[in-house]
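One structure below.
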Amino acid sequence: MFAVAVWCLSATAARASGGGGHGEAAPAKAEADAVSDPSADGSRAVKLGEFSIRVYHTVSTRKDNVSFILQAVVSKDKYQAFEPIYSHRKNKVRDQVVVATRLVPIDDYDDPELKKFRRRILLRLRRTLPELPIEDVYLSDFSLMSEST
């Protein structure tokens, strides 16, 4: 068995992952941690969750483990509308992030800023949940481990 760690963008990504399963997202922590302080322009970063996703490639007999923390940027004037809508759509958001992650080719993870991956998640969320006023998404604690058997 051959395992290679491709990217590890932060020191905390080395911690043990609490998630597991096949494409399941790790449960989110307390709601108090979910919203950051407003920035200079008033926009806020809302934590959408911690994800640990397994992607199986049957043709190449490769298994990828992708884990990250996802945050959405919401403007200050739309934040009040965002909260109640998001509280009823958390599972749909999680499902769309899992699907987007499984559709990303391995080459898209080579970008240090993960622009294509972030864009794919953002477009998927905007298309399936247009009522959520998300301006952008950011990833932190990203790690990718690829195993070939």
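The values are calculated or read from the model by the stated rules, or taken from the named source; none is laboratory data. Because the structure is predicted, anything quoted here is derived from the model rather than measured. Every residue, glycine among them, receives a Cβ derived from its backbone with ideal geometry; neighbour counts consider all protein chains shown.
Which one is surrounded by the fewest Cβ atoms within 10 Å (Cβ to Cβ), of the residues in the range 62-82 that are of a type outside the set (S, T, N, Q) and outside any strand (DSSP E or B)?
By that ranking, first place goes to ASP77.
Residues that are surrounded by 17 or more Cβ atoms within 10 Å (Cβ to Cβ), farther than 18 Å from ILE134 by Cα and hydroxyl-bearing (Ser, Thr, Tyr): does the range 84-100 have at least one?
No.
Being part of a strand (DSSP E or B) and among the basic types (Lys, Arg) is the filter here, so list the residues in the range 94-149 that pass it.
Taking the range 94-149 first, the residues part of a strand (DSSP E or B) are 136-148.
Answer for the range 94-149, where residues must be part of a strand (DSSP E or B) and among the basic types (Lys, Arg): there is none.
Evaluate the following for VAL59: is it assigned to a strand (DSSP E or B) and of a type outside the set (S, T, N, Q)?
No, not satisfied.
When you look at LEU114, is it under 20 Å from TYR79 (Cβ atoms), buried (at least 18 other Cβ atoms within 10 Å of the Cβ) and modelled with pLDDT under 95, yes or no? So that I can check it myself, show each step before the final result.
Values: under 20 Å from TYR79 (Cβ atoms): no; buried (at least 18 other Cβ atoms within 10 Å of the Cβ): yes; modelled with pLDDT under 95: yes.
No.
Just to be sure, is ALA100 touching a residue at least 60 places away in the same chain (Cβ under 8 Å) and within 26 Å of MET145 (Cβ to Cβ)?
no
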